[in-house]
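Q: Submitted below is the structure of interest, expressed as structure tokens.
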Amino acid sequence: MAEVINVLELFSGVGGYHCALNELSKDSVKYSFNVKAAVDINEAANTVYKHNFQNTPLITKAIETVSEKFLRDLNTDLVVMSPPCQPFTRQGHKKDVDDQRCNGLQSVISYLERGILKPNWILLENVKGFDESEAFENYVKCLDFCGYQHRVEFLSPIDFGIPNARLRCYVLASKSSKRIQPLSSKMKFQTLNDCSLGSYLLPTESVPEEYYLKNETALKYLPVMDVVAKDSTHCMCFTKSYGRYYEGTGSLVLESNSEISQTSLTSTELKKYVTSCNAKLRRFTESEVLQLHCYPSWFEFPDSITMKQRYKLLGNGLNVLVVKELLLHLFGS
Ligand SMILES: C[S@@+](CC[C@H](N)C(=O)[O-])C[C@H]1O[C@@H](n2cnc3c(N)ncnc32)[C@H](O)[C@@H]1O
């Protein structure tokens, strides 16, 4: 019988980790993952989480205010977490530990140091840049103090054959005496399949009009946009501002006649078609972003969550397949 691993999902958002754990439970004969509790302060995120994981106790509180007795009594084997990334980004002014949004992670460090949480394994996800922060230093010191060995990995879905850039820093930690090995390049590419965007995009006739840009908007922002087509093998990382701003927030799709999409062209080359052939630009739909983030097909947004909220939540989220591979690696270590 599979060993049941009790999981605490912190900063749970819409439950990307939970999706990865469910997928892993399906594939693994050795382990079955039971998310005993999830914690997040954001009500929209929690509405989505609840909609998809009705039976998981979900606490709408800042982690620093959750009862220590409650946390202790969970007897957690595995903690998975994606603390807020704004303290480590340029847009967030890189205030690091002086940013209040770092308080959640600081309190998790304190729970670990004081033995309130004593998991055997921890997986943390954050942006590239976290690894250069004081918060990271504090976290690694805490892992050493508590007897964990750790490994830092930088991975993007592109490494797994998914045509979407989303470079993230992952810190794997384990109390096992065996060293956590690096992810070999063989493992990174074992899931490689058709790498073009075409298989992730809806047929043109199924894309609602609201996703298309007005001509004047397309022309105005074209210089700062990243444009992709069905044959592209890459699209930009979707941020929480996708749909509101055009620069650096995620790619736009060129909907065109088949002649254009036959060849793989750069963004600059594709942009010429917008001006010369009257081709139309559109945003990726939320369902396309979900697919690029490798969410299982049963995952959905409740109707009450607006399009803007969906993009925001997805921009904060993670890639389910990358996390599943990392968990597999951690549990194999
Ligand atoms: C990067 S997102 C996590 C995304 C998540 N892994 C997912 O799959 O959607 C960070 C989350 O932390 C939550 N958060 C921020 N500060 C928090 C705190 N102090 N306690 C609990 N949750 C917090 C935010 O509401 C946000 O949903």
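Only the coordinates and a few stated rules stand behind these numbers; no lab work does. Computed from a prediction, not measured in an experiment: that's the story for all the values here. All Cβ positions, glycine included, derive from the backbone under ideal geometry; neighbour counts span all protein chains shown.
Q: Given bins 10 angstrom wide, list per bin the percent of all Cα-Cα distances in the range 104-174, short to long.
A: Here the calculated profile for the range 104-174 is 19, 49, 23, 9, 0.
Q: Alpha carbons only, please: Rg and Dmax for the chain, in angstrom.
A: 20.6, 65
Q: Calculate the FRET efficiency for K272 and K308 from the Cβ-Cβ distance with a Förster distance of 25 Å, rounded to the nearest 0.05. Let's see the in-between values first.
A: Numbers: r = 31 Å, r/R0 = 1.23.
Step by step, r from the Cβ atoms, then E = 0.20.
Q: Please list the non-local residues whose amide H lies under 5 Å from the amide H of K280, H modeled 1.01 Å from N, same-chain partners needing a gap of 5 or more.
A: Answer set, sorted by chain and number: E255.
Q: In nm, what is the difference between 0.36 nm times the number of residues separating Q181 and Q100 and their Cα-Cα distance?
A: Details: separation 81, 0.36 × 81 = 29.16 nm, distance 3.41 nm.
Gain in length upon complete extension: 25.8 nm.
Q: If you build a Gaussian network model of the chain, linking Cα atoms that sit under 10 Å apart, which residue out of P84, P119, P182 swings the most?
A: Looking only at P84, P119, P182, the largest GNM fluctuation is found for P182.
Q: Shifting gears a bit: Using modelled amide H (1.01 Å from N, peptide plane; none on Pro or chain starts), what sits under 5 Å from the amide H of S32, excluding residues fewer than 5 places away?
A: Hits under the 5 Å cutoff: E3, V4, I5.
Q: Alpha carbons only, please: Rg and Dmax for the range 8-78, in angstrom.
A: 12.3, 37
Q: Here is a further query. Given a Förster distance of 51 angstrom, what is the FRET efficiency for N75 paired with T233, based on the Cβ-Cβ distance and rounded to 0.05? Walk me through the numbers before you get to the answer.
A: Numbers: r = 45 Å, r/R0 = 0.88.
Efficiency, from the Cβ-Cβ distance: 0.70.
Q: Treat the count of other C-beta atoms within 10 Å as a stand-in for reagent exposure and order D73, D231, D40 from fewest to most. Numbers along the way, then the final one.
A: Numbers: D73 10, D231 15, D40 24.
Listed from fewest to most nearby Cβ atoms, that is D73, D231, D40.
Q: Continuing with this model, one more query. Provide the per-residue ³J(HN,Hα) series for the range 9-15, in order, calculated from phi with Karplus coefficients 6.51, -1.76, 1.60 and θ = phi - 60°, each as a whole number of Hz, with x at glycine and proline positions.
A: Here the 3J(HN,Hα) series is 9, 9, 6, 6, x, 8, x Hz.
Q: In square nanometres, what is one fourth of the surface area of the convex hull spanned by the alpha carbons of the range 48-169? Walk me through the numbers before you get to the answer.
A: Details: hull surface 35.7 nm².
The orientation-averaged projected area of the Cα hull of the range 48-169 comes to 8.9 nm².
Q: Given 4 °C and 1.567 mPa s, how large is the Stokes-Einstein diffusion coefficient of the range 142-249 in µm²/s, with Rh as the Kirkwood radius over Cα pairs? Kindly include the intermediate steps, with their values, before the conclusion.
A: Numbers: Rh = 17.2 Å.
The diffusion coefficient I find is 75 µm²/s.
Q: When the Kirkwood radius is taken over all Cα pairs of the range 191-333, what Stokes-Einstein diffusion coefficient follows at 25 °C and 0.890 mPa s, in µm²/s? Walk me through the intermediate numbers first.
A: Values: Rh = 16.1 Å.
Answer from the Stokes-Einstein relation: 152 µm²/s.
Q: Quick check on the chain: helices-only [θ] at 222 nm, where DSSP H runs of length 4 and up contribute -39,500 (n - 2.57) each and the sum goes over total residues. Nearest 500, please.
A: On the way: 12 runs with 107 residues, N = 333.
Mean residue ellipticity at 222 nm (helix-derived): -9000 deg cm²/dmol.
Q: Still on this structure, please answer the following. Hey, what does the equivalent ellipsoid look like for the range 203-284, semi-axes from the Cα gyration tensor as sqrt of 5 times each eigenvalue, largest first, whole Å? Intermediate values should be presented prior to the final figure.
A: Values: eigenvalues 61, 39, 36 Å².
Rounded to whole Å, the semi-axes are 17, 14, 13.
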